[in-house]
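The structure appears below as structure tokens.
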Amino acid sequence: MKYDNSGLTLVTDEVEAGAIRWRSPSNIALVKYWGKHGDQLPRNASVSFTLDAAATDTTLHYTPRQQLGEGIDLELYLDGNPRVDFAERTRTFFSKLLPIYPFLRQLSFRVETQNSFPHSAGIASSASGMSALALCLVSLEEALFEPLTDRGAFYRKASFLARLGSGSASRSVYGSAAVWGKSEAVADSSDEYAVSIADRLHPVFQTYHDDILLVSREEKSVSSRAGHGLMEQNPYAPPRYDQANRRVTEMLRLLMEGDTENFGQLLESEALTLHALMMSSRPYYTLIEPNTLHVIKLLQHYRRETGHPVHFTLDAGPNVHLLYPDAIAGEVKDFIRGHLLPYCEDKLYLADRVGKGPQQLAANTTTSVR
Ligand code: PMV
């Protein structure tokens with residue numbers, strides 16, 4: 001897929017200031033992406049559920065740039081406060097997109113962004129943040145130039161752009177569930193963008209909850225960029241990539257059949273494989289905490305006692321995601337409150353579930369850029 005287009009430049013005195021706003025959710029990988037190459041291309045395919053409550057709401061204000069400079073003219077506010085670190089990261093991202101969107105140099109931007117979850121929750125905001133920004137950019141292209149051919153082309157391009165910001169963000173532009181990376185099981189899949197697999201989900205999985213137990217709210221001790229990099233020297237990397245690709249095929253079958261039991265076994269093995277890869281890298285990282293294991297052990301016990309299909313997964317951190325169907329939500333939440341919250345920092349968990357995907361919102365266009 002080639003999106004480079006030197007024709008996308010503006011006659012700036014014909015452009016009016018405006019704003020575009022998208023709310024985009026986070027996602028949780030069921031089969032994990034860990035290891036990349038080239039320009040943000042995955043070493044293996046991955047599949048995720050799109051979440052609902054954990055989301056980023058981003059407004060992109062734009063106005064014609066007064067004086068054409070070299071770089072990108074952008075400032076960024078997180079929860080109303082200027083953030084030079086995120087502004088710098090966003091400028092780097094926009095610069096990278098200049099071959100696709102040369103007009104980004106011709107505008108001044110103010111990005112206003114907020115996360116629905118507390119910044120210090122230890123929840124990665126890159127998937128929701130980068131996908132929200134990518135969606136704003138494709139909408140901006142449509143506002144300034146022409147609409148893309150159809151909504152499929154719109155989301156594919158948003159996913160492509162999001163991927164350049166953060167790999168897992170490519171999957172957040174679709175509701176329910178998505179696959180990113182070339183997979184034999186999905187005809188139109190690609191390493192360059194994610195595709196929706198919403199129509200393949202058995203109804204039971206459409207009702208799934210994901211309760212995120214905040215075992216620790218500390219920032220990750222390793223960035224995902226460094227983590228992916230360590231895979232290049234990891235002796236288990238080549239067989240892992242083969243395994244992950246096979247597992248995407250298997251996961252898709254289980255999602256389609258509504259097989260919650262085998263789904264759960266595969267889900268948990270994926271989580272532990274991700275952490276085993278980190279523990280077998282040099283330098284190694286132990287991102288799980290003692291309380292992560294306490295929660296897992298209690299969950300195993302609960303499952304043996306009740307037979308309920310509630311299973312865990314982990315991201316690149318200590319927090320435990322509990323996935324289960326809506327039919328047992330009341331009982332599982334009682335179990336969480338009664339037995340698992342003592343192992344969570346400040347006795348906190350975030351209740352989330354499989355969601356419908358990003359939403360474009362009305363932007364307040366009266367606020368000007370500087
Ligand atoms: O998108 P990145 O570069 O932050 O990598 C995310 C990797 C995992 O969250 C650990 C797994 C995944 O597939 O989302």
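Before moving on, here are some points about what is shown:
- Residues in the range 12-38 that are more than 9 Å from the ligand (Cβ to nearest atom) and either surrounded by fewer than 21 Cβ atoms within 10 Å (Cβ to Cβ) or small (G, A, S) (or both): 14 in all.
- Subset of the range 39-60 [under 13 Å from the mean Cα position of the chain (by Cα), open to solvent by less than 30 Å² (accessible area, probe 1.4 Å) and within 23 Å of A271 (Cβ to Cβ)]: S46, V47, S48, F49, T50, L51, A54, A55
- Residue in the range 118-125 that is open to solvent by less than 60 Å² (accessible area, probe 1.4 Å) and at positive phi present: yes
- Residues satisfying the stated conditions in the range 164-179, i.e. under 11 Å from the mean Cα position of the chain (by Cα) and either under 13 Å from A45 (Cα atoms) or among the aliphatic types (A, V, I, L, M) (or both): G167, S168, A169, S170, R171, V173, A178
- Pairs linking a residue in the range 96-114 that is closer than 14 Å to A17 by Cβ to a residue that is open to solvent by 10 Å² or more (accessible area, probe 1.4 Å) and among the charged types (D, E, K, R), with Cβ atoms under 7 Å and 6 or more positions apart or on different chains, are Q106/R65; L107/R65; S108/R65; S108/D73; S108/R370; F109/D73; R110/E75.
- Filter result for L266 (over 15 Å from S281 (Cα atoms) and in contact with a Phe, Trp or Tyr (Cβ under 6 Å, 6 or more places away or on another chain)): no
- Remark: T260 falls outside the filter, which requires a residue to be without any contact (Cβ under 8 Å) to a residue 12 or more places away in the chain and touching a His at 6+ places or on another chain (Cβ under 9 Å).
- Hey, G152 closer than 22 Å to V47 by Cα, open to solvent by less than 30 Å² (accessible area, probe 1.4 Å) and either of a type outside the set (A, V, I, L, M, F, W, C) or in contact with a Phe, Trp or Tyr (Cβ under 8 Å, 6 or more places away or on another chain) (or both) or not: no
- Contact map, the range 309-330: first residue farther than 17 Å from T207 by Cβ, second residue open to solvent by 20 Å² or more (accessible area, probe 1.4 Å) and of a type in the set (S, T, N, Q), Cβ cut-off under 6 Å, separation 6 or more or different chains; pairs are A316/S224.
- Filter result for D188 (away from the ligand (no atom under 15 Å from the Cβ), at pLDDT 95 or above, of a type outside the set (G, A, S) and within 26 Å of S139 (Cα to Cα)): yes
- Meets criteria (surrounded by 16 or more Cβ atoms within 10 Å (Cβ to Cβ) and under 26 Å from R225 (Cα atoms)) for L140: no
- Matching residues in the range 96-107 - criterion: being open to solvent by 20 Å² or more (accessible area, probe 1.4 Å) and either among the basic types (K, R) or assigned to a helix (DSSP H, G or I) (or both): K96, P102, R105, Q106
- Subset of the range 69-95 that is polar (S, T, N, Q) and over 21 Å from the mean Cα position of the chain (by Cα) - its residue that is most open to solvent (accessible area, probe 1.4 Å): N81
- F263 meets all of the listed conditions (1) farther than 24 Å from S172 by Cα; (2) open to solvent by less than 50 Å² (accessible area, probe 1.4 Å); (3) of a type in the set (A, V, I, L, M, F, W, C) but one, namely (1).
- Of the residues making up the range 152-183, those that are of a type outside the set (G, A, S), in contact with a helix residue (DSSP H, G or I) (Cβ under 6 Å, 6 or more places away or on another chain) and near the ligand (Cβ under 9 Å from one of its atoms) are R163, W180.
The values are calculated or read from the model by the stated rules, or taken from the named source; none is laboratory data. What you see is a predicted model, and the numbers here were worked out from it, not measured in a lab. Every residue, glycine as well, gets a Cβ built from its backbone with ideal geometry; the counts of neighbours run over all protein chains shown. When the accessible area is computed, the model is the full protein with side chains, heavy atoms only, and any ligands, DNA or RNA have been set aside. Shrake-Rupley method; radii C 1.70, N 1.55, O 1.52, S 1.80 Å.
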